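Participant: Take this structure, written in structure tokens, and hold onto it; I'll ask about it next.
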Amino acid sequence: MNTQKPAYWRYGGQAVIEGVMMRSPRHFAIACRKPDGGMIVHAEPIEKTILGKLQFLNRPLLRGIFMLIDSLALGVKSLHFSSQVQMEHDPQIKPVSKPVQDIAIGASALGGFAIGMFLFFVLPTLLTDWLAREGWGAAARNMIDGALRITIFLLYVGLIGLMPDIRRVFQYHGAEHKAINALEEEGVVSVDAARRQTRLHPRCGTSFVLLVLILSIFVFAFLGRPPAYIRIPMHIALLPVIASVTYEIIRLAGMFKSGFLARVLLAPGLWTQYLTTREPTDDQIEVAVAALQKVRELEEGSVAEATNAPTEPPIASAG
């Protein structure tokens, strides 16, 4: 057991199509299963991020939203690569040009964002407008809005998890967490070590989304109840602020995850991960381990080259 663990590890990742992407401060690596059962591992340096270009933004309550934007951009790039792997190595799939792929992925991302805004912000606030006729006050209706958002979110992820393709993505999500937990808890990255770990992780994006929805209940409850054409844009405009605060909470809770307060804050997100992860197979764990091993190797090499000294083993944070 590794007893000399750093307090906070800056590795993360996400599940992609038949694979896992892992990232470090300087590199990212994607490991994917090909249709024939083989594995492909691809790694690149991370391009200059928003915070890398504008260091003055790297401050508490400012950095969160920009880190989220950078993560989303890297996530879309990783999904694009994993989809290419499947199309290029499956003879039953007709090849598609890169511009067409980019347009399709971009349209899917925009469509998903629009659907999310409607389901989680527009629909709940419109549904609760009728409560005014029953004598409900503005604060109470805003609280009901928040409860509806969380309910819709849980129903949504629960239902899509029944789809076979999404279930496989959720299995790779679990494999990603297991690989990172193995590094955190045992200081090694291997299939055997990952197999012993839980598929839950306190710094998962699921925890982030759920905490954003919970915090929005309390923020919106005190903003009154202006007309919907004002209220809905105002709620959406406040999302970056809530997301930035949430990022700092998740970051601190991840640093002190053994503390009582951190466990309380993280508990709802961990429970929700039972919906967004599934127990992976050994083949899927192998993919996650390959991605983490590769990015860890590259990161440690970069640090050693920069400092001309051995580096401490990094710790991961899941995504």
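The values are calculated or read from the model by the stated rules, or taken from the named source; none is laboratory data. All values reported here derive from a predicted model rather than from experimental measurement. Cβ sites come from the backbone with ideal geometry, for glycine too, and all protein chains shown count toward neighbours.
Participant: Any chance you could count how many residues in segment 58-69 are surrounded by fewer than 17 Cβ atoms within 10 Å (Cβ to Cβ) and either in contact (Cβ under 8 Å) with a residue 40 or more places away in the chain or farther than 19 Å from Ile249 by Cβ (or both)?
Facilitator: Taking segment 58-69 as the starting set, the residues that turn out to be surrounded by fewer than 17 Cβ atoms within 10 Å (Cβ to Cβ) are 58-62, 69.
From what is left, the residues that are either in contact (Cβ under 8 Å) with a residue 40 or more places away in the chain or farther than 19 Å from Ile249 by Cβ (or both) are 60-62.
Number of matching residues: 3.
Participant: Related question: Ala318: within 27 Å of Ile30 (Cβ to Cβ), crowded, with 16+ Cβ neighbours inside 10 Å and at pLDDT 75 or above, yes or no? Break it down into steps so the answer makes sense when it comes.
Facilitator: On the way: within 27 Å of Ile30 (Cβ to Cβ): yes; crowded, with 16+ Cβ neighbours inside 10 Å: yes; at pLDDT 75 or above: no.
Spelling it out, it is not the case that Ala318 is within 27 Å of Ile30 (Cβ to Cβ), crowded, with 16+ Cβ neighbours inside 10 Å and at pLDDT 75 or above.
Participant: If a residue has to be assigned to a helix (DSSP H, G or I) and either under 27 Å from His27 (Cβ atoms) or touching an Asp or Glu at 6+ places or on another chain (Cβ under 8 Å) (or both) to count, how many in segment 270-302 make the cut? Steps first, please.
Facilitator: We begin by selecting, within segment 270-302, every residue assigned to a helix (DSSP H, G or I); these are 270-276, 282-302.
Those left that are additionally either under 27 Å from His27 (Cβ atoms) or touching an Asp or Glu at 6+ places or on another chain (Cβ under 8 Å) (or both): 273, 276, 282-302.
The total comes to 23.
Participant: Going by the structure shown, is Leu211 crowded, with 22+ Cβ neighbours inside 10 Å, free of Cβ contacts under 8 Å to residues at least 60 places away in the same chain and either under 14 Å from the mean Cα position of the chain (by Cα) or closer than 13 Å to Leu265 by Cα (or both)? Walk me through it before giving the result.
Facilitator: Numbers: crowded, with 22+ Cβ neighbours inside 10 Å: yes; free of Cβ contacts under 8 Å to residues at least 60 places away in the same chain: yes; either under 14 Å from the mean Cα position of the chain (by Cα) or closer than 13 Å to Leu265 by Cα (or both): yes.
Judged against the criteria, Leu211 is a match.
Participant: Right, Arg167: of a type outside the set (Phe, Trp, Tyr) and in contact with a helix residue (DSSP H, G or I) (Cβ under 8 Å, 6 or more places away or on another chain) or not?
Facilitator: Values: of a type outside the set (Phe, Trp, Tyr): yes; in contact with a helix residue (DSSP H, G or I) (Cβ under 8 Å, 6 or more places away or on another chain): no.
Taking the combined requirement at face value, the residue does not satisfy it.
Participant: Given Ala237, Ala262, which one is modelled with pLDDT under 85 and not aromatic (Phe, Trp, Tyr)?
Facilitator: Of Ala237, Ala262, the one residue that is modelled with pLDDT under 85 and not aromatic (Phe, Trp, Tyr) is Ala262.
Participant: Same structure, new question: Return yes or no: is Arg149 buried (at least 18 other Cβ atoms within 10 Å of the Cβ), part of a helix (DSSP H, G or I) and in contact with a helix residue (DSSP H, G or I) (Cβ under 9 Å, 6 or more places away or on another chain)?
Facilitator: Numbers: buried (at least 18 other Cβ atoms within 10 Å of the Cβ): yes; part of a helix (DSSP H, G or I): yes; in contact with a helix residue (DSSP H, G or I) (Cβ under 9 Å, 6 or more places away or on another chain): yes.
Taking the combined requirement at face value, the residue satisfies it.
Participant: So, one more: Being more than 19 Å from Phe256 (Cα to Cα), aliphatic (A, V, I, L, M), touching a strand residue (DSSP E or B) at 6+ places or on another chain (Cβ under 8 Å) and in a helix (DSSP H, G or I): is that true of Ala179 here?
Facilitator: Values: more than 19 Å from Phe256 (Cα to Cα): yes; aliphatic (A, V, I, L, M): yes; touching a strand residue (DSSP E or B) at 6+ places or on another chain (Cβ under 8 Å): yes; in a helix (DSSP H, G or I): yes.
Taking the combined requirement at face value, the residue satisfies it.
Participant: Within segment 42-70, can you find the residues that are modelled with pLDDT of 85 or more, over 19 Å from the mean Cα position of the chain (by Cα) and in a helix (DSSP H, G or I)?
Facilitator: Once the filter is applied, which keeps residues that are modelled with pLDDT of 85 or more, over 19 Å from the mean Cα position of the chain (by Cα) and in a helix (DSSP H, G or I), segment 42-70 yields nothing.
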